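Bear in mind that the values in this text are calculations on the coordinates, not laboratory data. Here the structure is a predicted model, which is why all the values come from computation and not from measurement. When we count neighbours, we look across all protein chains shown, and the Cβ atoms used for this are built from the backbone with ideal geometry, even at glycine.
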Amino acid sequence: MIIDATFVKSAAHASDLPRDGLAEVALVGRSNVGKSSLINALVRRRIARTSAAPGKTRLANIYRVTRAGAEPFYLVDLPGYGYARGGAAAARGFNELTRAYFRLVRQVGQVRRVGGINPPALPAPPAPPARVGALLLVDARHPGLEADLKAWQWLRQTVARCAVVATKIDKLARGQRIRALRAFESVFDRPVQPVSAVTGEGLDDLWKLIAQQLTSG
Ligand code: GDP
């Protein structure tokens, strides 16, 4: 499978995000959960910088990704949350940019839906992404962390297509995996996708999940 991926930009504000109608898949998770490593493993290229200093990234990094034979989409790497050393603001959960990103996605969708009754003098709203999916990344070794559960509750209310991905599965032995995945399933109330950026395990299935988010009605 041929994958083309390019860095588009870092966005400090939701208004800096590209709005050209391409589908988007947003990645969220605690700092150090393995988000950058997973992005690199997915696109098979060192495109995302893995964090030497956890909790530093406060920008959304946007990548344009094309898999052979499929429509391009944006992979939106949102700031990590819940890193204690980031102080009270970081511990609170999603940062303002992440909230603004999902608010914007929702708002633009609503504007589009009521577009027909807008007075004609108003400028056209920015093109909304055709589809938006969200992946919540959780560390396979830590099922049921409060910060992850809060993030999940928030995401489920906000984004129609969301799924949970358990990172660093290679760090668990067979028996531990089964127990961890069961624990995840019970706290998130759905199966989670185990992956490893190190061994490549689960990446094909994750691509299938992404393809579903990009295409499902
Ligand atoms: P981010 O802060 O969420 O972007 O996390 P990084 O991708 O920078 O990863 C944080 C740390 O976890 C780094 O030391 C990575 O090498 C390590 N890591 C990330 N993914 C994996 C994985 O799948 N398996 C293992 N064993 N380590 C991983």
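Cβ-Cβ distance below 7 Å, separation of 6 or more or different chains: which pairs start in the range 28-48 with a residue that is within 24 Å of Ile2 (Cβ to Cβ) and among the small types (Gly, Ala, Ser) and end on one that is near the ligand (Cβ under 6 Å from one of its atoms) and assigned to a loop (DSSP other than H, G, I, E, B)?
Here the result reads Ser36/Thr50; Ser36/Ser51; Ser37/Thr50; Ser37/Ala197; Ala41/Ala197, each pair linking the range 28-48 to a residue that is near the ligand (Cβ under 6 Å from one of its atoms) and assigned to a loop (DSSP other than H, G, I, E, B).
Mind listing whichever residues of the range 16-36 are farther than 21 Å from Pro72 by Cα and either small (Gly, Ala, Ser) or more than 16 Å from the ligand (Cβ to nearest atom) (or both)?
The answer is Gly29, Ser31, Gly34.
Considering only the range 1-50, state which residues are of a type in the set (A, V, I, L, M, F, W, C), closer than 28 Å to Val198 by Cβ and part of a loop (DSSP other than H, G, I, E, B).
Met1, Ile2, Val33, Ile47, Ala48
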